[in-house]
1. Determine the sum of side-chain charges near A:Met130: Lys and Arg each +1, Asp and Glu each -1, restricted to other residues whose C-beta is under 11 angstrom from that of A:Met130.
2. To make sure I understand the rule: partners must be lysines, Cα under 17 Å from the Cα of B:Lys103, and not fewer than 8 residues away in the same chain. Which ones qualify?
3. On average, how many beta carbons from a partner chain sit within 10 Å of the beta carbon of a residue in B:292-302?
4. I need two numbers for segment B:41-130: Rg to one decimal and Dmax as a whole number, Cα atoms only, in Å.
5. On average, how much accessible surface per residue is there in segment B:240-308, in Å², for a 1.4 Å probe, leaving out ligands, DNA and RNA?
6. Enter the mean number of other protein chain beta carbons within 10 Å of the beta carbon of each residue in A:2-9, as an integer.
7. Once Rh for the protein assembly as shown is found with the Kirkwood sum over Cα pairs, what is the Stokes-Einstein diffusion coefficient at 37 °C and 0.692 mPa s, in µm²/s?
8. Can you give me the Cα centroid spacing of segment A:3-17 and segment B:271-308 in angstrom?
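The values are calculated or read from the model by the stated rules, or taken from the named source; none is laboratory data. Only a predicted model underlies this, so the values are computations on that prediction, with no experimental measurement involved. Here the Cβ positions follow ideal geometry from the backbone for every residue, glycine too, while neighbour counts run over all protein chains shown. Surface areas here come from the heavy atoms of the whole protein model, side chains and all, with no ligands, DNA or RNA. Shrake-Rupley method; radii C 1.70, N 1.55, O 1.52, S 1.80 Å.
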Amino acid sequence: MSSARTNRLTREIKSLEDNPPWGIICKPVKADVLDELRVKMLGPKSSPYEKGKFELVINVPDKYPFEPPQVKFITSVYHPNIDKGGRICMNMLKMPTKGSSGWQPTITIETLLISIQSLLANPNPDDPLMLDIAYEYKYDIEQFMFNATKHTEKHAV
Amino acid sequence: MDELHLINELNNEEKCKSMPSFLNCLNKYYAEKTILPSQTLTADLINKELIDEIYNISGNISVFFGKTLRDLKCNLIDEEGLREHEIYLRYNSHHKLTVTDVKLPHSSYQDREYSSIEEVTTVFRDYIKSLTAYFRELENIDDQCTVVEPIKPTFKDDYRRILLDGRTWLHIEVTLDGSARNIHLIRQSEQLYDKLHTGLLTWDHDKNIVENINCIFDLTNIPENQVMHTEKLDNQTEVPSCCICFCVDLVECQGLPQPLCQNPGCDAYYHKYCLFQWLVACEGGRLPAFGVAYGSCPTCSKPITCSE
């Protein structure tokens, strides 16, 4: 395992512990293994997720930071860009391609988690993972708000 | 072989089941056996002739022992009496000494075998004498300029990277006869590039390297750098860390993070190693042709290149 990876991960995890961003707690599953991180995330204020407490899991690949970490929701989320298995559709989680931006090695786990938190508040229905929810978000926002709040109450409170 | 046989025997015996009883057996064996006191040992480690030579050594040479009797360090003061050079030696066998390390530019003298310390010092004294101009130029650069690389410059490194301003370094190599070669800028700056190129045409070979550098980049630049340098020493965190691994020192990569992006508005520093790894990863892990990877800067997304 490269020392670039270990050094960087150690720093990142320490900074997340010492100075956590609002509503995000991120810790390694086992104290000395930095490959798997467990996250507790509060839903953003004034969104249908605001009462929710979401759990995520981060798998850090061997090639990190030259490859993006794999992030998944464990808690079920009603959201156009998050599927039933908790997979998240977000550019930042993919390698960059010619046409579009993506993961960059300058992005930290912290910025990644904050982006996911703000994705909850601001879905991107034009690049959906759940077609029906995206359709509902676009054309019947009230129904979407109702469903999302209900779903959050049921699974994430 | 005797011992091996004994150990096998001991292993098989019933009474040697536990560690203390085993050690007891072993002890008994050695107590009965007559061992000649270290006759063979010393002759094997170092020979008497060499010890005598070290004992009688004189002049401006001093010899030290290292970790073992076979590792020697020989300090040699040059004829001017200015510099002390350390030559690390290893005694391999009778009349066979090799040079393990010396803070001098690499030469064939380092790869041959010597029969005595005297031979080593004679050869190296001549070599050091021939390098006087080389030493003087490097000392001048180290004294008067801000050297960013190598981190701890010695005479072994025949190059220096000098800080011109916060973003641009000058790479300069010193030949063994004390002239400069392969002078170029690390990280482009159009203004400094033009200065360097007109400056190289008027390079004065009668002046020393530092004087020439001062002529090219204005004398006024140098005090400014010294101020920056002292600031840097005062505040260790001043050294920018790599935007990819978030460190300053990295095992995989020699050297400090550098401002590798050509975009003057981008002030990101990267280790060459880290940036190269990233650009290769973007291409699906395929190593680039000719060792130069292309891609975009992870910070400002402008085009960037990086060689391994």
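1. Summing Lys and Arg as +1 and Asp and Glu as -1 gives -1.
2. B:Lys73, B:Lys129, B:Lys152, B:Lys156
3. 2
4. Over segment B:41-130's Cα set, Rg and Dmax evaluate to 12.6, 42 Å.
5. For segment B:240-308, the per-residue accessible area is 49 Å².
6. Partner-chain Cβ atoms within 10 Å, mean over residues of A:2-9: 6.
7. Answer, rounded: 114 µm²/s.
8. 23 Å
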